[in-house]
C-alpha cells in the first residue's frame, strides 16, 4: 500500500512540474518576460527531478522540503488575501492605476483588469481623477499611460478626468511621479486609491505610504494561469523591498 501511495505521489509531483513548465512556455508567448519566468522554469524542473528520485530521498529531507514549500505558499496566500480585501470608501480624490506593460499600443490582460477596476470605481465616484502611469516599454510603440488613457476613454471616462504620468519605469516611479502630478492638481491634501493586480497591492501600498500618500487599496483580478509567475516575482520583490528599501529609510 505504501508503495502504491508513493507511486501516486511521484506521478502527481511529476505532472505538477510538467504542467508548470508548460505554463512558463505559454506565458513567454503572451506576457513580457521577467526573471520569474526563469525561476518558475527552474523550480518546475526541480520538481520533476524530485519526483523521479522520490523513493531514494530520506524521509527527513521530504519533511524539510515540505516545510520549505509551505513558507512561500503561505506568503503567497497572504499577498492574495490582502490584495483582494479593498478598503476604499468612494470619497477619495484620485485613483492611481499602476502600469503593467503594453504590447505595441495594446494593453496587456493584467493591465486591462487594473483599468476595469478603475472604471468600476470611477462609476461610483465620478468626481475622482484617474492617474494612469507608465513610460515607454520594450514592446511598446506608445507610452503605457497613453495606451491606458485610450482604453479608459473608449469605455466612457471623460478625457478631462484622466491625468497621464509618462516617465516611470517601476512601481516606485509610478507612485512618485503620480504624487507630483496630484500635488500640482490639488491645492491642499488629497486621498488616493491605488489600483493594481491583487498580488501587487501589498508592496504598492507600502511604497505609496513611504512616499507620504494617504492611500487606500483596490486589487484587480488576476488570471489564474498567471499566478505562479506573478506570485513568484512579487514575493521576491517584497523581500527585496523589506531588506533593502525599508532599511535605507
How many residues, within region 217-242, are surrounded by fewer than 18 Cβ atoms within 10 Å (Cβ to Cβ) and within 14 Å of residue 195 (Cα to Cα)? 1
Among the residues of region 80-91, are any part of a strand (DSSP E or B), out of contact with any helix residue (DSSP H, G or I) (no Cβ under 6 Å at 6 or more places or on another chain) and loosely packed, with under 15 Cβ neighbours inside 10 Å? no
Being in contact with a helix residue (DSSP H, G or I) (Cβ under 8 Å, 6 or more places away or on another chain) and closer than 16 Å to residue 128 by Cβ is the filter here; which residues of region 180-196 pass it? 190, 192, 193, 194, 195
Looking at residue 143, is it surrounded by 15 or more Cβ atoms within 10 Å (Cβ to Cβ) and under 17 Å from residue 201 (Cβ atoms)? no
Residue 136 meets each of (1) surrounded by 17 or more Cβ atoms within 10 Å (Cβ to Cβ); (2) farther than 22 Å from residue 210 by Cβ with one exception, condition (1)
Taking region 121-141 as the search range and keeping residues that are touching a residue at least 12 places away in the same chain (Cβ under 8 Å) and assigned to a helix (DSSP H, G or I), which one is nearest to residue 216 (Cα to Cα)? 121
Have a look at 100, 118 and point out the one that is in a loop (DSSP other than H, G, I, E, B), crowded, with 17+ Cβ neighbours inside 10 Å and in the same structural domain as residue 191 (by TED's automatic domain parsing). 100
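The values are calculated or read from the model by the stated rules, or taken from the named source; none is laboratory data. In this text the structure is predicted, and so the values were computed from the model without any measurement. Glycine also receives a Cβ, built like all others from the backbone with ideal geometry; neighbour counts cover every protein chain displayed.
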